[in-house]
């Protein structure tokens, strides 16, 4: 990776100085960026499920950037739209995970933090259409872990950026069910509950994400238990095998991705740890810090 120019730190406004403030305000403040746009395509996965992606081609571009959303999101999430907006000169492929967004009803199986093969299928689709391009993936939260997991297996894009990835799933599961973090836990569960209940699994509003993983994600995804899922799908222990350029961009005050998860990131993966930023918040006095940081790293990875 070319060394990116110095990225100024995320200096927060007075009203967003803590991890919770960054996380909450970062997700509730309005987003003016338009939808990604482009052409809608369905791709079939190896098990017969289908997912939907949007392909926005940029004339003369030699770079394809894949945008992979987080848990309970889709390709129209505000952080996906903002990132696509600052990458105007790049071809964009924005994927909806199984059953999400425009792909609702097209998949029988769940998506989860270890769904690296689904991301790799989207990249394979993009490579077929842009064989001479540089292919860069940006995975947010859950997808960041899956993206790193794929790279550790030699699958996926030529380079990757993982934003606030939960690379120790068990530690994140414990953290999000503790104290004030239950607010996020309840939100994620409620966002997923309708889809999970439609599949025949009894998820209640008071269940934690760990319980959802035990009741639904693990059995539906082919894992023996939530602990088995966490052990087999956490990217942290596998980072040392990554040979392609990879960046982890995270914040020390992320409420539910413990900073201790990143204590042993090997030197083959570049770790960018902001002191302040929360979980994908990164509100700065100058605006949305994350958008410009991602554009800078994409330029360095091209």
Item to check | the chain - mean residue ellipticity at 222 nm from DSSP helices (-39,500 (n - 2.57) per run, n ≥ 4, rounded to 500) | outcome: -9500 deg cm²/dmol
Checklist outcome for this item: Expressed in angstrom, Rg and Dmax over the Cα atoms of the chain are 17.8, 51
Checklist entry - Between region 100-114 and region 130-198, what's the alpha-carbon centroid distance in Å? => result 14 Å
Item to check | For region 1-127, alpha-carbon Rg relative to the globular expectation (2.2 N^0.38 Å, N residues) | outcome: 1.18
Next on the checklist: Show me the ranking of peptides 288-297, 17-26, 90-99 by mean Cβ neighbours inside 10 Å, starting with the highest.
Outcome noted: 90-99, 288-297, 17-26
Item to check | Segments 275-282, 110-117, 55-62, 153-160 sorted - mean Cβ within 10 Å per residue, highest first | outcome: 275-282, 110-117, 153-160, 55-62
Checklist entry - Based on DSSP, what percent of beta bridges with both residues in region 1-114 are antiparallel, to the nearest 5? => result 65 percent
Checklist outcome for this item: Full extension between residue 15 and residue 117 adds, at 0.36 nm per residue less the Cα distance, a length in nm of 32.7 nm
Checklist outcome for this item: Bridge orientation stat for the chain from DSSP, antiparallel percent rounded to 5, came to 30 percent
Checklist outcome for this item: Over its alpha-carbon atoms, region 194-298 yields an Rg and a Dmax in Å of 17.4, 47
Checklist outcome for this item: extent check for region 128-200: Cα max minus min per principal axis, descending, whole Å, gives 47, 29, 18
Next on the checklist: With viscosity set to 1.002 mPa s at 20 °C, what whole-number translational diffusion coefficient in µm²/s follows for region 1-67 from Stokes-Einstein and a Kirkwood radius over Cα pairs?
Outcome noted: 129 µm²/s
Item to check | Hull-based mean projected area of region 169-233, where the convex hull spans the alpha carbons, in square nanometres | outcome: 4.0 nm²
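No lab work stands behind these numbers, since they all come straight from the coordinates. Please read all numbers here as calculations on a predicted model, not as lab measurements. Using ideal geometry, Cβ is built from the backbone for each residue, glycine included, and neighbour counts are taken over all protein chains shown.
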